[in-house]
Every structure is written in structure tokens, then in C-alpha cells.
Amino acid sequence: MSSLSAFDTLMTITNRPPLIMTRGEGSWLFDSDGNRYLDFIQGWAVNSLGHAPQAVVDALAYQASRLISPSPAFYNDRSIRLADLLTANSCFDRVFFANSGAEANEGAIKLARKWGAVHKQNAFEIITMINGFHGRTLATMSASGKPHWQELFEPKVPGFVKVPLGDLDAVTATIGERTVAIMLEPVQGEAGVIPAGTEFLQGLRNLADEHGILLILDEVQTGMGRLGSLFAYQQAGIEPDIMTLGKGIGGGVPLAALLAKEAVCCFAPGDQGGTYNGNPLMAAVGCAVLEELLRPGFLEHVREMGERLAAGLRTLSARHGLGEVRGTGLLLALAVPEGNADSVAEAARDQGLIINATRPDTLRFMPALNVTADEVDGCLAILDRVCSIRRAPDQ
């Protein structure tokens with residue numbers, strides 16, 4: 001582009017490079033100048049099957065010719081099919097569909113508060129984690145623990161008490177008569193891919209049972225196969241009362257879900273809704289995505305590619321004096337001790353690789369779940385080249 005004026009009609013909400021992406025194919029993204037990029041962000045982990053996967057294309061085309069939106073006043077077959085698939089493959093009994101992870105988390109907060117009003121003498125406080133991220137509505141920003149959000153859009157929604165991730169004693173000390181739930185991500189993605197840990201998650205489940213409160217897992221980023229199991233809670237050996245999904249469930253289209261056990265489902269007609277929620281066009285895509293994830297060998301492939309990428313990142317870290325590799329499956333992070341993750345990500349993009357600097361000292365990797373071994377190796381080769389150039393004496 002010769003001038004940034006071409007972008008002036010869009011509100012400035014983030015710093016974007018002067019590129020216009022026009023086409024995607026699997027792990028590859030193409031800009032308006034014909035440049036090709038190996039995409040290891042995939043729309044912030046939403047393109048679970050890569051760009052323009054045939055299963056999603058076919059589902060959209062077929063469903064668009066049948067029924068797009070009959071309104072939420074009626075059932076539709078695709079939303080029922082997707083709800084059946086989700087409950088059959090999880091510990092939950094009922095599903096509410098939404099358009100984004102933030103909306104699903106907002107619904108989880110509302111459901112917990114309604115449950116507290118009905119079953120726990122109007123208890124409403126939810127314990128959340130410092131550095132957690134649950135979305136950008138006012139309630140989900142209030143639930144989040146991002147430090148630089150503390151003074152933004154005041155006054156916040158009250159009723160959230162934050163504790164350090166992994167500190168079971170702090171959670172125990174915070175539980176009181178007004179506490180209705182504990183809410184967290186199994187892996188804090190925006191914070192730099194920080195796992196909560198199996199011991200902590202199991203401890204939270206025990207605490208919730210002991211005090212008669214709910215455990216809510218935000219699996220917007222970790223769910224739908226991202227960690228190598230269908231859901232992260234399965235790896236911890238626990239069952240939450242409420243779980244939220246987003247990102248990967250839609251394979252790139254706006255789709256999210258709030259799942260809950262029967263005993264928690266206390267919404268009355270009119271308590272929750274949404275014009276587009278559960279519309280058959282998006283639900284048809286969700287069915288196509290989940291059916292792909294459930295194919296024999298698919299999740300095993302995710303685990304294998306995750307191990308391949310993690311091993312390669314550890315080799316690069318040792319070679320170039322970088323930091324630890326964190327994460328599971330295909331949600332991984334590489335620490336950059338120099339605190340220059342943004343410049344590394346920019347240099348990688350110039351070399352044809354798209355990765356995410358989620359923090360000044362952290363690079364994040366979220367490729368398509370069906371990424372190939374050659375593509376993983378290609379990512380590692382580009383990153384190795386970038387790090388070698390940056391370490392050269394004349395740099």
C-alpha cells in the first residue's frame with residue numbers, strides 16, 4: 001500500500017501492519033500484493049482446521065441454501081445436532097449457543113449469579129484469577145485480571161474477587177458467604193500461555209464441592225482440541241459445572257457455546273437470549289468442525305504436532321539463548337528473555353511467518369490443528385533464521 005489513508009475509515013483498536021489479507025488456504029495466508037505467509041496464529045486460534053477448509057466451505061454453502069436464520073423463537077436442526085454432539089462428548093447436559101467467547105462467558109457469569117439467587121441465598125461473587133482474560137464486554141473485562149484494564153471504562157461491574165493463579169490458599173481465604181463460583185482458564189492464553197496446572201484445578205474442584213459453589217472453566221481458547229484432547233478439563237481429571245467455548249468451535253465463523261450440567265441450568269424464559277444465537281448457518285459449521293475433530297486419529301495428530309513444535313522450540317531456545325517453552329498441544333509459548341517479542345514477531349512476518357507476541361517477553365504459537373509436519377518444520381526454520389540474523393555481530 002502506498003498510503004495508510006486507505007485504512008482511515010476503520011476505528012483504531014489495535015496496531016496493525018499496513019497489509020490487507022485477501023485469501024487463505026490451510027496454514028497459508030495471502031495478502032493483496034501476493035505475498036504468502038505461514039500462519040501460526042490462525043485468527044487467534046479460531047481457524048481450527050486452517051483457512052477455508054473444505055468441510056467449513058461445504059457446510060456454509062449447503063446450509064445457506066437451506067436455512068440461515070429462522071429466529072431464536074424456533075428450534076433448528078443444526079443447533080440441536082451440535083448440542084447433541086457436544087453433550088455426547090463432554091460431561092455436560094445442556095448448551096446455549098452464542099456468537100463470541102466473551103458472550104459465552106457473559107452468559108456463564110449470568111447463569112452462576114442466577115444459580116446463586118435460586119440456590120445460595122443470593123450469592124453473586126465470582127473468584128477469578130490475576131492476569132486472566134475472559135473477554136471485552138464490561139462484565140467479562142471486570143472478571144478479567146489484566147492489570148492495564150483496572151482503570152479502563154470505569155465503573156466496572158462489581159462482584160469479582162481476584163487471586164493469583166495456582167494459589168489454592170488464596171482461593172480458600174477468599175471464599176465467603178457471597179461466593180457463588182470460581183472461574184478461570186485452564187491455560188491463561190493472553191497472559192503468555194500459563195497453565196493452571198492439574199493439581200490446582202483438582203484443588204479448585206475439591207474446594208467448590210466443599211463449599212457448595214460452582215467451578216467455571218473458560219475453554220474459549222483451550223477447548224475444541226487445542227491442547228490435544230477435546231477439552232482441557234479432561235486432562236486434569238475433573239468435571240466443571242459450567243464451561244465456555246469459542247474460537248475453534250466455529251472454525252473461523254462467529255460461534256461460541258455455554259455448556260452446563262443439568263443441576264446448574266436455572267435460566268427462565270427471557271433470562272438469556274440473542275438474535276443470532278444458535279442460528280443454523282453457524283451451527284452447521286460447528287457440526288462440521290466437531291465432526292472433523294472426532295475423526296479417528298485427529299487429536300492424536302494434534303498431540304504429535306504439538307510435541308514436534310515444542311521440541312523444535314526447545315532446540316531453538318538452547319541454540320539462541322532464549323527462555324522456556326510453555327504449553328500443551330498446539331497452544332505453545334516461547335519466552336524471549338530480552339523482552340523484544342514484538343520485534344521478533346515483526347521480523348518473522350517479514351520472513352513469511354505469522355506468530356503472536358502476546359507479551360513483551362513471549363511469543364505465542366497457535367497453528368491450525370491439522371498443521372503438517374513440514375509446516376511445523378517450516379515455522380521452526382524461519383524462526384531459527386530470524387534469531388540467527390538478530391544475533392549476528394553486525395546487528
Query raised in the report: Can you spot a residue in the range 310-318 that is in contact with a Gly (Cβ under 6 Å, 6 or more places away or on another chain) and within 28 Å of residue 334 (Cα to Cα)?
Result: no
Query raised in the report: Right, residue 71: crowded, with 18+ Cβ neighbours inside 10 Å and among the hydroxyl-bearing types (Ser, Thr, Tyr) or not?
Result: no
Query raised in the report: Which members of the range 125-167 meet the condition of being farther than 19 Å from residue 221 by Cα, among the aliphatic types (A, V, I, L, M) and part of a loop (DSSP other than H, G, I, E, B)?
Result: 152, 157
Query - Selection from the range 355-369 of residues that are over 22 Å from residue 224 (Cα atoms) and touching a residue at least 60 places away in the same chain (Cβ under 8 Å) - result: 359, 361, 362
Query raised in the report: On the given criteria, is residue 297 surrounded by 15 or more Cβ atoms within 10 Å (Cβ to Cβ) and either out of contact with any Phe, Trp or Tyr (no Cβ under 9 Å at 6 or more places or on another chain) or within 19 Å of residue 192 (Cα to Cα) (or both)?
Result: no
Query raised in the report: For the range 255-271, what are the residues that are in contact with a strand residue (DSSP E or B) (Cβ under 7 Å, 6 or more places away or on another chain) and among the acidic types (Asp, Glu)?
Result: 262
Query raised in the report: (1) at pLDDT below 95; (2) assigned to a helix (DSSP H, G or I); (3) more than 19 Å from residue 17 (Cβ to Cβ): which one isn't true of residue 318, the others all being true?
Result: (1)
Requested in this report: Might you check whether a residue that is out of contact with any helix residue (DSSP H, G or I) (no Cβ under 7 Å at 6 or more places or on another chain), in a helix (DSSP H, G or I) and surrounded by 22 or more Cβ atoms within 10 Å (Cβ to Cβ) occurs anywhere in the range 237-259?
Outcome: no
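Taking the residues in the range 155-211 that are among the polar types (S, T, N, Q) and touching a strand residue (DSSP E or B) at 6+ places or on another chain (Cβ under 9 Å) as candidates, determine which candidate is farthest from residue 117 (Cα to Cα). Don't jump to the end; show me each part of the working.
Start the filter on the range 155-211 by keeping residues that are among the polar types (S, T, N, Q), which leaves 172, 174, 179, 188, 198, 202, 206.
If we keep only those that are touching a strand residue (DSSP E or B) at 6+ places or on another chain (Cβ under 9 Å) as well, we get 174, 179, 188.
On the way: 174: 20, 179: 11, 188: 29 Å.
Residue satisfying both the conditions and the ranking: 188.
Give the residue, chosen from 118, 161, 171, 95, that is under 27 Å from residue 276 (Cβ atoms) and among the aliphatic types (A, V, I, L, M). Steps first, please.
On the way: 118 fails: under 27 Å from residue 276 (Cβ atoms); 161 fails: under 27 Å from residue 276 (Cβ atoms); 171 fails: under 27 Å from residue 276 (Cβ atoms).
When all the criteria are applied, what remains is 95.
The values are calculated or read from the model by the stated rules, or taken from the named source; none is laboratory data. Please read these numbers as outputs of a predicted model, since none were measured by experiment. Virtual Cβ from ideal backbone geometry, glycine too; neighbours counted across all protein chains shown.
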